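**Q** To start, I am sharing the structure in question, which I have written as C-alpha cells.
Nothing in this text is a laboratory measurement; each read-out follows from the coordinates by a stated rule. Please read these numbers as outputs of a predicted model, since none were measured by experiment. Positions of Cβ are generated from backbone atoms using ideal geometry, with glycine treated the same way; all protein chains shown enter the neighbour counts.
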Amino acid sequence: MLDSLKSLLDEQIKDLYNAENQLLKALPKMAKKASNEKLRVAFEGHLEETREHVERLASVATMLESKPGGKVCKAMQGLIEEGKEVLEQDGEDAVVDAALIAAAQRVEHYEIAAYTSACSMAQQLGATKIVKVLLETLNEERAADEKLGDISSGEVLPATDFAADDGAEAPAKEQRTPRREAPAPKRRS
Ligand SMILES: [Fe+2]
Ligand SMILES: [Fe+2]
C-alpha cells in the first residue's frame, strides 16, 4: 500500500531488484552476441557491476526493514524483449553491434531514471545511508551508458560505413550529412 513515502521507496526498490535480476540473465547473451571486443568487455564488466547492484538493493531493502522480491518489473521485461529481437537477428557485425548498443542504452536510461527517483525519495526521507548506496549504483549506470555511447560513436558506427557491394550503393558521405538549404536564387529586378 502506498500510504507513505517509505512504502513507495520500498516498492521502487522491489521493482529495481527484479529489473536488475532480469538483466543478470540478459547481459551474458548480449556479450556473446557482440562482435566488437570493447563492447563484449563492456557487457561483461557491467554484468559484474549488475551483480553488485542486486546485492546493494537487497541491503537497501533490509535498511527499509523489508525484503526484496515479489514484484515484476514490466518495463524491463519489455526492454529485454526488444533486446531479444536483436539477439535473434543475423547481419553485418557492426550493424548488429549498433543494435545491441541501442537496446542496452535504453536499459541504462531506464535504470538511471529509476535510481534517480529512488535517490530523491531516500533523500527526502533523510535516509543518508540509502542515498549513498543508491548513488553508487546510479553512477555506475551513468558510466556504463557513457561507455556504450563512446564505443558506439568511436568504433561501432564508423565500422558500419562499408560500401555495399550488392549494387545498392551507399550514398556519398556529403549527401548523408544534413546540409543547410541552398539559398534561393536572387531575383533580377
Ligand atoms: Fe544496474
Ligand atoms: Fe545497468
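**Q** Between their Cα atoms, which of 32/67; 14/129; 6/33 are more than 29 Å away from each other? Display every interim value, and only then the final one.
**A** On the way: 32/67 33 Å; 14/129 18 Å; 6/33 40 Å.
Distance filter (> 29 Å) returns 32/67; 6/33.
**Q** Same structure again: When 109, 46 are ordered from fewest to most other Cβ atoms inside 10 Å of their Cβ, what list results?
**A** Ranking 109, 46 by Cβ neighbours within 10 Å, fewest first, gives 109, 46.
**Q** Can you tell me the dipole magnitude for the chain around its Cα centre, using point charges on the Cβ only (Lys, Arg +1; Asp, Glu -1), in Debye to the nearest 20? List each step's numbers first, then the result.
**A** Values: 26 positive and 35 negative charges, 164 e Å.
Charge dipole, the chain, about its Cα centre: 780 debye, nearest 20.
**Q** At a 10 Å Cβ-Cβ cut-off, how would you order 87, 2, fewest neighbours first? All intermediate terms of the calculation are to be shown ahead of the outcome.
**A** Numbers: 87 16, 2 8.
Ranked by crowding around the Cβ, least crowded first: 2, 87.
**Q** Per DSSP H run of n ≥ 4, the term is -39500 (n - 2.57); total these for the chain, divide by its residue number, and report the mean residue ellipticity at 222 nm rounded to 500 deg cm²/dmol. Write out the running numbers ahead of the final one.
**A** Details: 6 runs with 130 residues, N = 189.
The per-residue figure over the chain is -24000 deg cm²/dmol.
**Q** Stokes-Einstein at 25 °C, 0.890 mPa s, Kirkwood radius from Cα pairs: D for the chain in µm² s⁻¹?
**A** On the way: Rh = 18.8 Å.
D = 130 µm²/s.
**Q** Which of these, 97, 161, 145, has the largest mean-square fluctuation under a Gaussian network model of the chain (Cα springs below 10 Å)?
**A** Result: 161 has the largest fluctuation of those listed.
**Q** Summing +1 for each Lys or Arg and -1 for each Asp or Glu, what net charge is found among the other residues whose Cβ lies under 14 Å from the Cβ of residue 149? Can you show the working numbers first?
**A** Details: positive: 38, 106, 142, 147; negative: 97, 108, 141, 145, 146, 150, 155.
Here the charged neighbours net out to -3.
**Q** Cut-off is 10 Å between beta-carbons; in what order do 92, 108 appear when sorted fewest neighbours first? Spell out each step's value before the answer.
**A** Values: 92 13, 108 22.
Going from least to most buried by this count: 92, 108.
**Q** Among 133, 118, 87, whose Cα lies farthest out toward the positive end of the dipole of the chain, if unit charges sit on the beta carbon of Lys, Arg (+1) and Asp, Glu (-1)?
**A** Sorting the options by dipole projection puts first 118.
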